[in-house]
Amino acid sequence: MDFEGGFADLLVWSFLLAGVQSIAALVVDGYRRNQGHPLEELIHAIALMYQEELPAIREALERIAERGEGDE
């Protein structure tokens, strides 16, 4: 993966990821409170996918940050 942006770009992507995660958590929590919602199983599946993928995304961002620091 070729990353030509700087540290500021990495911070922007990190904040965007955190914002999406927060919104997803609020949506999931809202649906969780409504017991018997027809999309409840789908929302749980989406939440599990996010929980599995976020650590991999965080590790990739950390690798990009480390590689960027060594280039400067």
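Descriptive notes on the structure:
- If the condition is being among the basic types (Lys, Arg) and either within 18 Å of SER22 (Cβ to Cβ) or not in a helix (DSSP H, G or I) (or both), then the stretch 51-65 contributes only ARG58.
- Residue in the stretch 33-44 that is exposed (fewer than 11 other Cβ atoms within 10 Å of the Cβ), under 10 Å from the mean Cα position of the chain (by Cα) and modelled with pLDDT of 75 or more present: no
- Matching residues, the stretch 54-72, being surrounded by fewer than 11 Cβ atoms within 10 Å (Cβ to Cβ) and at pLDDT below 80: GLU69, GLY70, ASP71, GLU72
The values are calculated or read from the model by the stated rules, or taken from the named source; none is laboratory data. If you're wondering where the values come from, they're calculated on a predicted model, not measured in any experiment. Methodologically, a virtual Cβ is constructed for each residue, glycine included, from the backbone with ideal geometry; neighbour enumeration extends over all protein chains shown.
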